[in-house]
Every structure is written in structure tokens, then in C-alpha cells.
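What follows is a single structure, written as C-alpha cells, with notes after it.
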Amino acid sequence: MTRTIFLLAASHSYRAGPFLAAAAELGLAVRVVTDVPAPLADLWQQPLGVDFNDVPAATAALIRLGQEHQVGAILAVDDSGSLLAARASAALGLPHNAPAAAEAARDKLLMRSLLAPAGVPCPAFFPFTTADDPAAIAAQVPYPCVVKPTRRSGSQGVMRADTPAELVATVGRLGRLLVQVTGHPGPHPILVESFIPGFEVALEGLLDGGQLHVLALFDKPDPLDGPFFEETIYVTPSRLPAGTQQAIAACAAQAAAALGLRQGPVHAELRVNAAGPWLVEVAGRSIGGLCSRILRFGVDEAAGEGASLEALILRQAAGLPLPPLNREAAARGVMMIPIPAGGLLRRVAGLAEAKALPGIDDVEITAPLNNLLRPLPEGDSYLGFIFARGDSPGRVEAALRQAHQQLDFTIEPVISLAGTPQAT
Ligand code: ADP
Ligand code: CA
């Protein structure tokens, strides 16, 4: 009998679902361990709820659970539990990335301080905290630059500044955002980086014994030049020349090695310009949101659908042989539908029309109706996802844009007592 695999997932994560589906298909026993604040775990009757923010207590709880349940592997399905998974795995003698590597893969300052000396092409970076004087920061950094929190994701709080005045404004805005989203007054660590011009790609990979297998390389055809950095379209295969793609893979592999990542999924983001690829970040997890739905591996015309990304990751964790890691031949794409304005989402129109378009597999609106939407840089979610396939990346991109145009979102502004919109 195979041992149980623990999946660590934030309580709001979309990622647990596809892992559970893949586990059911593979006949693997899995248990989801959710991030639940300790006092609420009993109340919500979540026997496998632990508070991911309290790493020592959560690690101890996880080790205890692991011993009780005969655990075979501990996987974090998103960034929130990666350090916990690494520490508990180390204590239980389970195969996993070293805790220091897991920590570096989710902390942007730690990451930069390991990548730069290893010779991985990176922007110049300058660590500060929200308690530092913004005018003093503005006097020390190059322009244009990017201001970002060290431990958020989805581009939340990431802002470009072209001048000292903009820098002062963005640092203030980031400070207020971090107080709000963490509930802590700070000071919070922040990072300023020189702005890397160029075209952006995302690489999905699987590390096996320190070797990187590229599972998919995505182009991000919408320019990401700021002032905020909204993810929208991902299309694979990449249309970049083969040599550029190889340089990207080599850069991502070098980055993973510099952090000490050796095992399991990696999701890397890079920018590419005349000087070659530059590492934006590399995370020790798989692609976020619902995006993995467009990936299929080892598709065999006779055998049908092929393996999902989650099936590959689970197989590796369970010590099962991996199927061929080649992605299917079709081009595939996904659009993370950005939030155009803050306010209450009242109505979504055009869904049926968008779904009916050629090349569109599905459109899923994930933002609940009558809920407050927050756009970037304060926000951390999307309206939903559009999934497309076609015989070329260009057709897939066009289908995604057409489908997006069909959608019409009614967002009602929320006026606070002070007369300023609450959602911005
Ligand atoms: P997050 O973890 O929130 O996604 P990232 O550091 O990946 O934060 O930044 C989000 C996006 O912001 C990147 O995908 C990229 O488009 C842009 N970005 C971040 N840092 C830089 C930089 N130094 N130069 C240019 N663009 C950047
Ligand atoms: Ca990122």
C-alpha cells in the first residue's frame, strides 16, 4: 500500500482541487492540510488544519500528523506552505527540497542574495523596510525601478517608478498595502530593483535529482512595462527562437541550482532582451490559479488525454515512474482576466458568446458576484480564466483576446463616507 501524501494548501487556494482529482485517478491516498488559524481549526472541524504562519508550531503539528497517518510525502501546492513542507519533510526523513531552498524560493530578497553571487542574470537590488524614509530611498536607487514586497505573489504591491517623486509615492502606497493585508503595523521588508526592459516568459518545470525538465515555456504577449504588472495571457509553445528558449531554460536551471532547489515543481519568470534572459523569480511550486488546466503531458493519440501537471508532481512525490514529459502538440493558452476597476461585481454578460467562439475551451468566472473587487496593485485576484487551444500560438492568442472582448463586467463603484472609492 502506498503511503498518504499530504497536500498543504492555503484555505482559499484553487490548487488543491486538481491535485485531489489527479490523486483519485492515480489511486493515491492524499489528505489536504489547510492553513487555518489555530483557534478556528476545531470550530471549523478541520482536523488537518494548521496555522501556516506559526512555522514552529505548524511544523510540530505536521510531524505529529505525519507520524499518525504514515505519511509518504508532504507537498505544498502553493507558496504558503512550502517552508513548512520542507521542514516537516526533513524531520520525518521524507524526500524534499532543503528548508533553506524552500525559504529562498519564496522570499524575494533572500532569492536575489543567492542568485546574484551565483552569476544568474538579475537586476540590481536594494533592500529597505517600510520604516525607512522614502526620500532617502529615492536618493539611493536607479531609475526606472520596481518597488515590491518580499513575500507576496500575483504582482500584488509590485509598482514601477520612473522618478524620485514616483518612488516616494509607491513606497508609501506599498507600506499602506502591507499594513492592510498582513494586519501588522510593520516595518515590513521591501525591495527596490532596477527595471529590466524586455519580453516576459514563464517556465513550468519539474526538478528531478537536481535536473530541470522543462514542461512548458509560456510567452506573455501583453507588454509588462508597468506601472503595475498585471498577468493576462499565457501561450505555449513559445514563439521565441529555439536558441533563446534554450538560454531561458539554462538560466532557470542555474537559478534553481543557486537556491538549492533539487526536487519537484518549479515556476520561473524571466524577462528577455538583447542581453539575454534575466531572472525575475523562481518559485518551488507549480503554476497558480486555474492555469494548469491547459497542460497535458505524454499525450498518446490512442490512449487519449495524457497526464495532468498535478499527476506528474504526485507521481514523482509517490516515487512512481514518470510518464513521458513532453507536452501535447497543440498550442494552448490561458488568460487571467484582470480586474479593470474597483467596486462590486454586479453582473457578467457575454459568457455564452465567449465560450462559443472557435478555439475557446472554457471560460470560468471565479470572482463571486456582489463581492468587492480590488484591482492591482492592492488586489490579489482575477475575475476569472479563459482557456483556449489551437493549431498555432498566434491563433490561441487571438481567440483569447476575442473571448475577452465578448465579456462585459458590470462593476459598481463603492463610495466610502470620506467620498473616496474604497476599492482603490
Ligand atoms: P510576484 O511574486 O508578486 O509575481 P514578481 O517579482 O514576480 O512578483 O513581479 C511581478 C511582475 O512584475 C513580474 O512578472 C514582472 O512583469 C514585473 N517585474 C518585477 N520585477 C521586475 C524588474 N526588476 N524589472 C522589470 N519588471 C519586473
Ligand atoms: Ca511572479
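The values are calculated or read from the model by the stated rules, or taken from the named source; none is laboratory data. In this text, all values refer to a predicted model and were calculated from it rather than measured experimentally. Cβ coordinates were reconstructed from backbone atoms using ideal geometry, including for glycine residues, and neighbour counts include every protein chain displayed. In case anyone asks, the SASA skips ligands and DNA or RNA and just uses the protein heavy atoms, side chains included. Shrake-Rupley method; radii C 1.70, N 1.55, O 1.52, S 1.80 Å.
Within the range 182-195, does at least one residue satisfy the condition of being free of Cβ contacts under 8 Å to residues at least 24 places away in the same chain, of a type in the set (Ser, Thr, Tyr) and more than 8 Å from ligand 1 (Cβ to nearest atom)?
Yes, that holds for at least one residue.
Inside the range 230-295, counting only strands (runs of 3 or more DSSP E) that do not spill past its ends, which hold 1 or more residues that are under 17 Å from Ser82 (Cβ atoms), touching a Cys at 6+ places or on another chain (Cβ under 6 Å) and within 16 Å of ligand 2 (Cβ to nearest atom)?
none
Determine whether Val55 is open to solvent by 40 Å² or more (accessible area, probe 1.4 Å) and modelled with pLDDT of 85 or more. Please lay out each step first, then the result.
On the way: open to solvent by 40 Å² or more (accessible area, probe 1.4 Å): no; modelled with pLDDT of 85 or more: yes.
So Val55 fails the test.
For (1) out of contact with any strand residue (DSSP E or B) (no Cβ under 9 Å at 6 or more places or on another chain); (2) away from ligand 1 (no atom under 16 Å from the Cβ); (3) more than 25 Å from Ala16 (Cα to Cα); (4) of a type in the set (D, E, K, R), each residue gets a yes or a no:
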residue	(1), (2), (3), (4)
Val71	no, yes, no, no
Asp78	no, no, no, yes
Ala85	no, yes, no, no
Ala91	yes, yes, no, no
Ala101	yes, yes, no, no
Leu115	no, no, yes, no
Leu167	no, no, yes, no
Gly172	yes, yes, yes, no
Gly175	no, yes, yes, no
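Please state which of the following conditions Glu353 fails to meet, knowing it meets all the rest: (1) closer than 30 Å to Val214 by Cβ; (2) surrounded by fewer than 17 Cβ atoms within 10 Å (Cβ to Cβ).
Single failed check for Glu353: (1).
Across the range 186-198, which residue is most open to solvent (accessible area, probe 1.4 Å) among those that are away from ligand 2 (no atom under 16 Å from the Cβ), at negative phi and not in a strand (DSSP E or B)?
Restricting to residues being away from ligand 2 (no atom under 16 Å from the Cβ), at negative phi and not in a strand (DSSP E or B), the top hit is Pro187.
Keeping to the range 240-284, report how many residues are away from ligand 1 (no atom under 12 Å from the Cβ) and either among the basic types (Lys, Arg) or at positive phi (or both).
Final tally of qualifying residues: 4.
For the range 330-380, enumerate the residues that are outside any loop (DSSP other than H, G, I, E, B) and among the charged types (D, E, K, R).
Let us first name the residues in the range 330-380 that are outside any loop (DSSP other than H, G, I, E, B), namely 331-337, 343-349, 351-356, 360-365, 372-373.
Correct list: Arg332, Arg346, Arg347, Glu353, Lys355, Asp361, Asp362, Glu364.
Evaluate the following for Pro144: is it open to solvent by 20 Å² or more (accessible area, probe 1.4 Å), under 16 Å from Phe229 (Cβ atoms), touching a strand residue (DSSP E or B) at 6+ places or on another chain (Cβ under 7 Å) and more than 16 Å from ligand 2 (Cβ to nearest atom)? Let's see the steps before the verdict.
Working: open to solvent by 20 Å² or more (accessible area, probe 1.4 Å): yes; under 16 Å from Phe229 (Cβ atoms): yes; touching a strand residue (DSSP E or B) at 6+ places or on another chain (Cβ under 7 Å): yes; more than 16 Å from ligand 2 (Cβ to nearest atom): yes.
Yes; evaluated as a whole, the condition is true for this residue.
Return yes or no: is Leu345 touching a Ser or Thr at 6+ places or on another chain (Cβ under 8 Å), touching a residue at least 12 places away in the same chain (Cβ under 8 Å), of a type in the set (A, V, I, L, M) and over 22 Å from Pro221 (Cα atoms)?
Answer is yes for this residue.
Can you tell me how many residues within the range 258-283 are over 18 Å from Phe218 (Cβ atoms) and either crowded, with 19+ Cβ neighbours inside 10 Å or among the acidic types (Asp, Glu) (or both)?
6
What residue, of Ile233, Ile287, is within 16 Å of ligand 1 (Cβ to nearest atom), touching a residue at least 24 places away in the same chain (Cβ under 8 Å), open to solvent by less than 20 Å² (accessible area, probe 1.4 Å) and in contact with a Lys or Arg (Cβ under 7 Å, 6 or more places away or on another chain)?
Only one candidate qualifies: Ile233.
Can you give me the number of residues within the range 201-230 that are of a type outside the set (S, T, N, Q) and open to solvent by 50 Å² or more (accessible area, probe 1.4 Å)?
9
Can you tell me how many residues within the range 199-224 are touching a residue at least 24 places away in the same chain (Cβ under 8 Å), within 15 Å of ligand 2 (Cβ to nearest atom) and outside any strand (DSSP E or B)?
Qualifying residue count for the region: 1.
Restricting attention to the range 71-96, which residues are in contact with a Ser or Thr (Cβ under 8 Å, 6 or more places away or on another chain) and modelled with pLDDT of 90 or more?
Result: Val71, Gly72, Ala73, Ile74, Ala76, Val77, Leu84, Arg87, Ala88, Ala91, His96.
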